[in-house]
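The block underneath contains the structure these notes are about, expressed in structure tokens.
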Amino acid sequence: EMNPDLLMDKITGATLDEYQNSLISKRYVNTTIENHISYFKQILKWAYEKGYLKYGREVMEHKVKKLKTAKPTPFNHLTWDEFLLFYNYEFDELEKDMELARDRFCFCCATSLRHSDLALLKKAHFDNPDDPTSFTIVSKKTDDAPIIFLNEYSKSLYMKYKDRDTEKGLLFPRKSNQKMNKSLKKIACRLGITREVSKVEYCGNDRSDITTRICDILATHAGRRTFVAHCADVVWTEELTRTYPGHEDFSAMS
């Protein structure tokens, strides 16, 4: 949409600036703009390595303007009572897809896993396939591999799915992040999890203070935040809490 006639040998560093400005003009928030720029640069890196870019080195070394972003809201997680509502809700026989989304999310809430790592979690990652106490998986994002111990909620979910026939030995059947997020919002609305939360978003230099219902913004990453919030509730130490999600410092845990 920005430039339908753009060719590879015409792409320069200025093209990245033009793309960023185009996204701002379409009123994308800055965090989304950063993601789109990152995706575009991954494609351009591949093209550069293949020799398709005339100005490849310039493109690879070019840095677009740093956009202001707000820290994630610390309230974008489920309270303990809300988690129990999610965990204990009984779906009917025609809602297996919704039930799968709920179970995957609750496993993240109970273990601190990112959804990207949950998508790779196999039964072979657990210490005992019949009666596990922990599992270890190398994080896709950070390459760390902490030992994550199971509690009654995560173990119950493991036992529910351990004997199911899944692709490549995965614990849970596959479900995309996009479909997960859509399902989680529907479930939260159904359960009446509608408390309001505030967040700040930026588009370019424009700031917006937004108040919204948590059911309208609930997404997979809230699983990790829910885990951290519950650790704080039971007075875990900062060091112990960080061990599970693999955060480098306390500020990264919000």
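The values are calculated or read from the model by the stated rules, or taken from the named source; none is laboratory data. From a predicted model like this one, the values you see are computed outputs, not experimental measurements. Note that each Cβ is placed from the backbone with ideal geometry, even for glycine, and that neighbours are counted across all protein chains shown. The protein model used for the area step is the full one, side chains on, heavy atoms only, and it has no ligands, DNA or RNA in it. Shrake-Rupley method; radii C 1.70, N 1.55, O 1.52, S 1.80 Å.
Available extension along the chain between LYS186 and GLU95 is 31.6 nm, counting 0.36 nm per residue and deducting the alpha carbon span. Comparing ASP144, ASP92, ASP165 in a Gaussian network model of the chain where C-alpha atoms under 10 Å apart are linked, the largest mean-square fluctuation is found at ASP92.
Just checking the listed ones, ALA219, ALA101, ALA70: in the Gaussian network model of the chain with Cα springs under 10 Å, the one fluctuating most is ALA70.
Size descriptors for the chain, from the alpha-carbon set: Rg then Dmax equal 21.0, 59 Å. At full extension, THR32 and THR133 could sit 32.5 nm farther apart than now, given 0.36 nm per residue minus the alpha carbon distance. Cα centroid separation, the stretch 71-112 to the stretch 1-53: 36 Å.
Here LYS50 is the anchor, and the lysines within straight C-alpha reach of less than 22 Å, apart from those fewer than 8 places off in the same chain, are LYS10, LYS41, LYS63. For LYS71, the lysines whose Cα comes closer than 21 Å to its Cα, not counting residues fewer than 8 places off in the same chain, are LYS141, LYS199. Given R0 = 30 Å, the distance between the Cβ atoms of ALA14 and GLN178 translates into a calculated FRET efficiency of 0.40. Counting only aspartates and glutamates at least 8 places from LYS65 when in the same chain, those with an alpha carbon closer than 16 Å to its own are ASP17, GLU18, GLU34, ASP206.
When the helix-only estimate is applied to the chain (DSSP H runs of n ≥ 4, each -39,500 (n - 2.57), divided by the residue count), what is the mean residue ellipticity at 222 nm, nearest 500 deg cm²/dmol?
Values: 11 runs with 114 residues, N = 254.
That calculation yields -13500 deg cm²/dmol at 222 nm.
Could you work out what % of the accessible surface of the stretch 152-214 is carbon and sulfur, using a 1.4 angstrom probe and leaving DNA, RNA and ligands out of the count?
Values: 1580 of 3720 Å².
So the carbon and sulfur contribution to the accessible surface is 42 percent.
Tell me which residues come under 5 Å, amide H to amide H, from LYS122 once H is placed; ignore anything under 5 positions away on its chain. Distant-sequence amide H within range of LYS122: LEU171.
Can you tell me the length gained on complete extension of the stretch SER208 to LYS65, counting 0.36 nm per residue apart and subtracting the Cα distance?
Extra length from SER208 to LYS65 when fully extended: 49.5 nm.
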